[in-house]
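Everything on this sheet refers to the single structure shown next.
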Amino acid sequence: MRDELTVYVVDDDAGVRDSLALMLGLAGYRTALFAHAEAFLAAWRAEWAGCVVADLRLPGKSGLELQAELRARGAMLPFIIITAHGDVPSARSAFQADAVDFLEKPFDHAQLRAAIETAFSREDARLARAGDTAKLAALTAREREVLELAAKGLHAKEIGSALGISPRTVEVHKTRIMEKLGARNLAELVRFALGAGREE
C-alpha cells in the first residue's frame, strides 16, 4: 500500500517546499507540492491517499481551514501542521481536528519523518478497511449469512440446518466466500465477519 501514499506539501515559501521535497524524496517518499490551499483544493481528488503537510499561515485559507474544508468534503487525509508562528490555541485547534502533529519551524527532519510514518500508518489502516468493505459488498446475501454463522463457530451441518440448505451447499458457499474475500483460512473469515458486524 505504501506505493499509493503521497506526502502533499502545502507551503507558500518556495524554499521550504523545495527543501522538504528534496529531504522527503531522499527518504523515499513521493511528494506533491502546492503554494497555497486553493491550489491543493483545485487539484484534490477523492482517491488521493497519504498525508498533508501544511503551513499554518498561508495566503487565502490557512492550514487549519484547509483541513476543515477537506473534512467537509469527506476526505480523511491525515494532517501535519507546520508553522513558524506556533501558539497554544492553534495547536489545540489542530489536534482537536485530529492532526497527527503540530511542528514549529525550524523542526528536526526526523520529527517530520516520524509524524509522516504515524500518518501513513493511519492511512494503511483506512485503506485496508476500505478494501475489506469493497470485498464484503461483493458477497451475496446468502454468502453473508454463511459467513456470519461460520464466524460464530458453526460447522457446515449446523449452518445448513439453520439456513435450510445442504452441508455440501454450505461448503460451496464457503469456498466462494474465501475466494471473494481473499481469505486463506477460517481465522481470516472471522476477521472479515467481525468487520462486517462493526459496519452494520
So which pairs qualify, if the first residue must be in region 11-28 and part of a helix (DSSP H, G or I), the second must be not charged (D, E, K, R), the Cβ gap must be under 6 Å, and the two must be at least 6 apart or on different chains?
Arg17/Val9; Arg17/Leu33; Leu20/Val9; Ala21/Thr31; Ala21/Leu33; Met23/His109; Leu24/Val7; Leu24/Thr31
Go through (1) modelled with pLDDT of 95 or more; (2) over 30 Å from Asp132 (Cβ atoms) for Leu56 and report which single condition fails.
(1)
So if I check each of Thr133, Thr118, which one is of a type in the set (S, T, N, Q), open to solvent by 50 Å² or more (accessible area, probe 1.4 Å) and farther than 30 Å from Gly25 by Cα?
Thr133
Within region 146-191, how many residues turn out to be in contact (Cβ under 8 Å) with a residue 24 or more places away in the chain, assigned to a helix (DSSP H, G or I) and either of a type outside the set (A, V, I, L, M) or open to solvent by 50 Å² or more (accessible area, probe 1.4 Å) (or both)?
6
Going through region 62-77 one residue at a time, which ones are open to solvent by 10 Å² or more (accessible area, probe 1.4 Å), outside any loop (DSSP other than H, G, I, E, B) and not charged (D, E, K, R)?
Leu64, Ala68, Ala72
Answer yes or no: is there a residue in region 44-61 that is part of a helix (DSSP H, G or I) and either closer than 18 Å to Asp98 by Cα or free of Cβ contacts under 8 Å to residues at least 60 places away in the same chain (or both).
no
For region 78-108: of the residues being charged (D, E, K, R) and under 19 Å from Asp11 (Cβ atoms), which is surrounded by the fewest Cβ atoms within 10 Å (Cβ to Cβ)?
Asp108
For residues that are closer than 17 Å to Pro106 by Cβ and open to solvent by less than 30 Å² (accessible area, probe 1.4 Å), tally how many sit in region 1-53.
7
Within region 95-124, track down each residue that is of a type in the set (Gly, Ala, Ser) and modelled with pLDDT of 85 or more.
Ala99, Ala110, Ala114, Ala115, Ala119, Ser121
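The values are calculated or read from the model by the stated rules, or taken from the named source; none is laboratory data. A quick note: this is a predicted structure, and the numbers were derived from the prediction, not measured. Because the Cβ atoms are built from the backbone with ideal geometry, glycine has one as well, and the counts that use them run over all protein chains shown. All accessible areas refer to the heavy atoms of the entire protein, side chains included, with ligands and DNA or RNA removed. Shrake-Rupley method; radii C 1.70, N 1.55, O 1.52, S 1.80 Å.
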